[in-house]
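Here is the structure we will look at.
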Amino acid sequence: MPKNKNETLCVEDLRHAEYYEMQNTFDNLYAKSKNGDIFTHLMDIILSRENILLAYRNIKANAGSKTAGTDGTIIKDIGKLPAETVVKKVRYIVAGTPHGYRPKPVRRKEIPKPNGKTRPLGIPCMWDRLIQQCIKQV
């Protein structure tokens, strides 16, 4: 949802959310949040098949999806897997391990700035990006 009245949603974001039938879910959550409702079962929505596939689609559209993190995986590697395998793996990473979700270390890269200095950039692994996108969407 837009953060302020002047900000608009990307048409692609809406199209993707409608494609996976998540737009009504997001609209309902937004309306409830405006009423001050408290949410207790968001993990069911975060780990839903549709939300995971929507997250994959949104990440695939990013230019950074071709950049590997510490595990060397790029989005095309995940795209070669069957949808059900991706859903199962995301659910396992988040909720199936005894210690809970623990992101992998981030790959560091120094990016040059116009003034000649550099700034650090952290590149998470693709599975962590996918999980983060699932959470972000909800």
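What the table below lists for this structure:
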item	result
Estimated FRET transfer efficiency (Thr85, Lys34; beta-carbon r; R0 30 Å; 0.05)	0.20
Contact order normalised by residue count of segment 77-138, Cα under 8 Å, 6+ apart, percent	25 percent
Longest exposed-site-free window of the chain, the sites being GluC sites (Glu not before Pro) in a DSSP loop that have at most 15 other C-beta atoms within 10 Å	22-138
Check: the chain dipole with +1 on Lys, Arg Cβ and -1 on Asp, Glu Cβ, in debye	740 debye
3J(HN,Hα) from dihedral phi, segment 120-131, Karplus parametrisation 6.51/-1.76/1.60, rounded to Hz, x for glycine, proline	x, 10, x, 10, x, 5, 4, 5, 5, 4, 5, 5
Ordering of 96-106, 53-63, 124-134 by burial proxy (mean other Cβ atoms within 10 Å per residue, highest first)	124-134, 53-63, 96-106
Percent RCO, i.e. relative contact order, over the chain, from Cα pairs under 8 Å lying at least 6 residues apart	26 percent
Kirkwood Rh in Å, taken over the chain so that all alpha-carbon pairs contribute	16.7 Å
Within the chain, helix-based [θ] at 222 nm, where runs of 4 or more DSSP H residues each add -39,500 (n - 2.57), nearest 500	-13000 deg cm²/dmol
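The numbers here are math on the coordinates, done by the rules we state, and not lab data. Fair warning: this is a prediction, and the values are worked out from it, not measured in the lab. Note: ideal-geometry Cβ built from the backbone for every residue, glycine included; neighbour counts use all protein chains shown.
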